[in-house]
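All of the numbers you see were taken from the coordinates with simple rules; none came from a lab. Owing to the predicted nature of the structure, the values given are computational and were not obtained by experimental measurement. So basically every Cβ, Gly included, is an ideal-geometry build from the backbone, and we count neighbours across all protein chains shown.
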């Protein structure tokens, strides 16, 4: 078993300390509220008894009060009351206190301790909450109630507080150690997975327990990052192989034609062919740069863009090309605003239209539509060409992929991949579907206006 680290122990101690403070505060608040309630009840009972005696004094005089006090002392009561009536010199007249308490030197509500004899002849210390009043100028009256409940409550509070803090401390430490070990186990797994991933095991992933807690969410985030890195590395490998092939072929042709021209061949034909090969190289390099710029686009560059205007301009640009190829190009465009980069959105639209025109035979139809649905904005470019087999559609969106195995067709194989990256940067999704016949390129913008 691995012991928690110093940082984990500090975390466990902090958790325990917070739990102890919370427990202490909760018990203290409960104690204070209970004491206030007991004091309020005792004071109310004393005030009621005092008010009755004052009324008797006002209606019948001091001797009636003395008689009432004597009767009250003589009869058993549910609530133990303390009485004392004295004259102006402090001499007791009636009551169950031997003398006036020294702690009380003025009228009002006060608490004091006194000795009370029990039925067994024992003398014990009791706490009294009493009110004192003046009856005219010749008499003083004290009416009190035994309030030992407060002292008992205080003792019980101290005991409960001590036991509660002890239990909270033990439980807090145990929970803190358990949580620390769980956190360390996750960190160990993450560290091991990171080391293996860095060592070349790109399929390494963190386990997800399915509890849906913070560790699962962090593991899912890290796994997503690992998957994205794996995708980028695989894409880079594929792109490097395809780019090397695409660059090697025209360079080999250029060198061969230069050698033939040096041996006395037709230099005009050689120059024309080399110019075509150089143009192909430049297109490949330009498309590669566009792809790199598209992947490094940041959200801070986004502004509201009129996508309908972009689609309209692209359709107008490609109409002469479609006429030259004997194709019909039509469009149905609805107003739409998208947050993004205008040049990148333009590249997305033109690449899809160019790809549809390129692979549609004469007499075919290319359709462009832009409109809203319940789930967002949809841009659809469809054609009536040969289409792409379902098994190859995902592959066709990869970098430097041309379904022409001989690679004799024009292009760098980056057109659809640039469109895919442009859609992903703008939070959209590009998918290829069957147009029966032909191909449908669908771009879904879920957050478009």
- Item | Peptide ranges 365-374, 162-171 listed from the most packed, as the mean C-beta count within 10 angstrom indicates | 365-374, 162-171
- By how many nm would the segment from residue 214 to residue 134 grow when fully extended, if each residue of separation counts as 0.36 nm and the alpha-carbon distance is taken off? 21.8 nm
- Message: Between residue 434 and residue 253, how high is the FRET efficiency from 1/(1 + (r/R0)^6) when r is the Cβ-Cβ distance and R₀ = 45 Å? Nearest 0.05.
- Response: 0.75
- Query: For residue 282 and residue 324 in one chain, what is 0.36 nm times their gap in residues minus the Cα-Cα distance, to one decimal in nm?
  - Reply: 12.7 nm
- Take the Cβ-Cβ distance between residue 187 and residue 40 as r, set R0 to 41 Å, and report the resulting FRET efficiency rounded to the nearest 0.05. 0.15
- With label points set 7 Å from each Cα along the Cα-to-Cβ direction at residue 115 and residue 28, the distance between them in nm comes to 3.7
- Just subtract the alpha-carbon distance of residue 17 and residue 71 from 0.36 nm times their residue separation and send over the number in nm, one decimal. 13.7 nm
- Under a plain spin-label model, where a point goes 7 Å from the Cα along Cα-to-Cβ, how far apart in nm are residue 173 and residue 392? 7.1
- Query: Where does each of 107-115, 312-320 land if you order them by average Cβ count within 10 Å, highest first?
  - Reply: 312-320, 107-115
- Message: Restricting things to Cα coordinates, could you compute the convex hull volume per residue of the stretch 300-397 in Å³?
- Response: 114
